[in-house]
1. Of everything in the range 100-132, what is assigned to a helix (DSSP H, G or I) and polar (S, T, N, Q)? Give them in sequence order.
2. How many of the residues in the range 154-163 are buried (at least 22 other Cβ atoms within 10 Å of the Cβ) and either part of a helix (DSSP H, G or I) or of a type in the set (K, R) (or both)?
3. Anything in the range 60-87 that is at pLDDT 90 or above and closer than 19 Å to L154 by Cα? List them, or say none.
4. Does I143 qualify as being touching a residue at least 40 places away in the same chain (Cβ under 8 Å) and under 18 Å from A12 (Cβ atoms)?
5. Does L46 satisfy being in contact with a helix residue (DSSP H, G or I) (Cβ under 7 Å, 6 or more places away or on another chain), buried (at least 18 other Cβ atoms within 10 Å of the Cβ) and modelled with pLDDT under 95?
6. Could you tell me how many of the residues in the range 1-16 are over 10 Å from the mean Cα position of the chain (by Cα) and surrounded by 18 or more Cβ atoms within 10 Å (Cβ to Cβ)?
7. Pick from L151, L202, L193, L186: which is within 15 Å of the chain's Cα centre (by Cα), at pLDDT below 95 and within 25 Å of G56 (Cα to Cα)?
8. Being part of a helix (DSSP H, G or I) and in contact (Cβ under 8 Å) with a residue 24 or more places away in the chain is the filter here, so list the residues in the range 164-183 that pass it.
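The values are calculated or read from the model by the stated rules, or taken from the named source; none is laboratory data. All values reported here derive from a predicted model rather than from experimental measurement. Glycine also receives a Cβ, built like all others from the backbone with ideal geometry; neighbour counts cover every protein chain displayed.
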Amino acid sequence: MENLIQTLAIYAIPVLLAITLHEAAHGYVARHFGDPTAYLAGRISLNPLRHVDPVGTILVPGAILVASKLLGGSAMLFGWAKPVPVDFSRLRHPKRDMLWVAAAGPGTNLLMAIGWAALLKLVGSIPENGYSEPMARMALAGIEINAVLMLLNLLPIPPLDGGRIAVSLLPHRLAWQFSKLEPYGLAILLLLLFTDILGAILWPLMVAFRHLLAAIFQF
């Protein structure tokens, strides 16, 4: 039980930062390109409480961590936050600007993963002390959760960020047809999750991303 509590404590900060900054980035970039919806709703905020979804941010990731500890083995951490409201019709160039709004979230996760990797390198380069192991474990957790959020959201499934990026890049007629998948996006994602296809897609990408960071930072 003590080990489980330690694991939850180590993952809490990386999870909250990853989700909070991901969502706030969407709202900030949307405002930059002309849509103040998220700003007016108070969602361009570093306050995690404005973005936390009780089920997706707390219950589901917590249950995955508990199950992986109790049953042994490893599991892909999975979760979500309350989506930031974006009115794409209010963007100055809706189809073009949609790409930047959508890419802001995964881009922020990429920057955070790099930041956690730099912290891991720093921890390994200073004399070992009582904080070394917890900080190293937190840095690894930060790399993991940000990599998952980045790669998951880049899947070309509306309404994931990758789906919106695809809509922005496709020719108008194909984009309109592809966007019709959005009402079924969650069902498609859950189907991929429960049939282990999602894991088969994301795990190799996760491993490759971790190896890339390890090669860059030499840890």
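1. At the first step, the residues of the range 100-132 found to be assigned to a helix (DSSP H, G or I) are 100-125, 132.
Those that are assigned to a helix (DSSP H, G or I) and polar (S, T, N, Q): T108, N109, S125, S132.
2. So the count comes out to 2.
3. Looking only at the range 60-87, we keep the residues that are at pLDDT 90 or above, and these are 85-87.
If the condition is that a residue be at pLDDT 90 or above and closer than 19 Å to L154 by Cα, then P85, V86 are the ones that fit.
4. yes
5. No, not satisfied.
6. 4
7. Of the residues listed, the single one that is within 15 Å of the chain's Cα centre (by Cα), at pLDDT below 95 and within 25 Å of G56 (Cα to Cα) is L202.
8. The answer is R164, I165, V167, S168, L169, H172, A175, E182.
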